[in-house]
Structure formats: structure tokens, C-alpha cells
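Structure first, then comments.
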Amino acid sequence: MIEMLNVSKKYPNGITAVNDLSVKIEQGEFVYIVGPSGAGKSTFIKMMYREAKATSGSVKIGKFDVTKLKERDIPLLRRFVGVVFQDFKLLPKLTVYENIAYAMEVIEKTPKQIEKRVFEVLDLVSLKHKARMFPNELSGGEQQRIAIARAIVNTPGILIADEPTGNLDPDTSMEIMNILEEINNQGTTILMATHNSQIVNDIKHRVLAIENGRIVRDQQEGEYGYEI
């Protein structure tokens, strides 16, 4: 499902964010990505959906050889890899329904297909009743749930969640985790970058710890392992 082999990423300013990293993640896994700020977690994640391109090594995501992917084929990869950001990135002038539907419109689904699927994912995140509201009328937790719904509306094989609970209180964070667990139970591979030690320690999954651009710990049912 995800395989990186001897991957490095060096930016033009000379910083090596990822250094000779190799890892394999199977379909259906739930993996936490942890480590100190500046460790290379964001670059590690960005290389999976070609927001960043590896300087050397091989990155394979499903059927995609990401390091050799032509620019015109990147949108195909991004249908397979859904991404949820800490700051939601919802379009402020579109309603909840329109924000989610937009992700299907760009791949030319029919209005009937769009309506059916949008309400399916809204039901999953328990926000059907907010379909006609705008992002600024929602709480932070609700916005994150909508961002998750948008990320999975095209049924990606992989969902990347970059600090999805970073701006949320503990109760709301647990609501988000329950949704991610449900998505994972349906077969989607989930990678979640997080600094939330309580979540990592309480809801056990595989843990990849990254420091100085390398994986320094790979534990099944792992602990967070850093002081907060």
C-alpha cells in the first residue's frame, strides 16, 4: 500500500528534511506519526501526495510510483490519497454541502451521485443537519468533521490526517478520533501526524517516531514517547 525505500528530501535552502528513510505500511493500517517539531514529519507526509517530491529514493503509494509521477497525473494520486489539515481549509463562501460536493464535481460525477455520496459522508460525521450552513457558522470540531467528510467523499484508499485534533479540546478530539476509527474499520489506511500524547497512549495503533528525518522507532501498539 505505502512503501518508501531509501527516501531523502533536501530543500533548496540546504536543509535535509528526510534522510534515507525506508518504511512499509500495509492496507488497512492505522499509523501515528510522532516526533519533535522540525523532525521531518510534514515532509514525510507531503511526499505521499506529491506536495513535496523526494530528492532520491522510491515512494510507492498503491499503484502509483510517486517519484516518477508526471505532473498531469498528480490529480489521480490525490483521488486515492485524502488529506485532512489542522486548519480545515474549507472554502468560506461555499456551504457545507458545496464544500464536500466540490471534491466530486472536479472528477465529473453526476449530480445524483454527488447528492447520494455527500449525504452518506455527512451521516458518517453526524452533520447532515448542517448541510446548508457555511463554515463560519460551525464550531472548530464541526469544521474538522466536514474536512474529514470532504477528504473521504471520493473513497480514497489512504487518509492522511495532519494534526487533525491540534486546535480542538479533548472531548472534541475524541469525537474526531471516533470518526477516524470508523473510517479505518471500513478499510481505509490512516496516517495521522500528531503531538497529542493522550490520544496515542489511549487509542493504541502502530507508532512511527521520526527524528532528524529518520524513523527512530516503529512500534505496534506503541506509546507516544515524548515529554509534553
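The values are calculated or read from the model by the stated rules, or taken from the named source; none is laboratory data. Predicted model, so just to flag it, every value in this text is computed and none were measured. Heads up, the Cβs are rebuilt from the backbone with ideal geometry, glycines too, and the neighbour counts pull from every protein chain shown.
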- Note on the structure: Just one listed residue, out of 58, 42, is of a type outside the set (Val, Ile, Thr), surrounded by fewer than 17 Cβ atoms within 10 Å (Cβ to Cβ) and under 27 Å from residue 184 (Cβ atoms), and it is 58
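To keep it simple, each residue is scored yes or no on (1) closer than 16 Å to residue 155 by Cβ; (2) at pLDDT below 95; (3) small (Gly, Ala, Ser).
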position: 76; (1), (2), (3): yes, yes, no
position: 79; (1), (2), (3): yes, yes, no
position: 89; (1), (2), (3): no, yes, no
position: 95; (1), (2), (3): no, no, no
position: 101; (1), (2), (3): yes, no, yes
- Tell me which residues, restricted to segment 81-111, are among the basic types (Lys, Arg) and surrounded by fewer than 16 Cβ atoms within 10 Å (Cβ to Cβ). 89, 93
- Message: On the basis of being among the β-branched types (Val, Ile, Thr) and either in contact with a Gly (Cβ under 7 Å, 6 or more places away or on another chain) or closer than 16 Å to residue 155 by Cβ (or both), does residue 59 make the cut?
- Response: no
- Query: For segment 19-32, does any single residue satisfy the condition of being surrounded by fewer than 20 Cβ atoms within 10 Å (Cβ to Cβ), modelled with pLDDT of 95 or more and of a type in the set (Lys, Arg)?
  - Reply: yes
- Can you pull out the residues in segment 89-130 that are of a type in the set (S, T, N, Q) and either in contact with a Cys (Cβ under 8 Å, 6 or more places away or on another chain) or within 19 Å of residue 180 (Cα to Cα) (or both)? 126
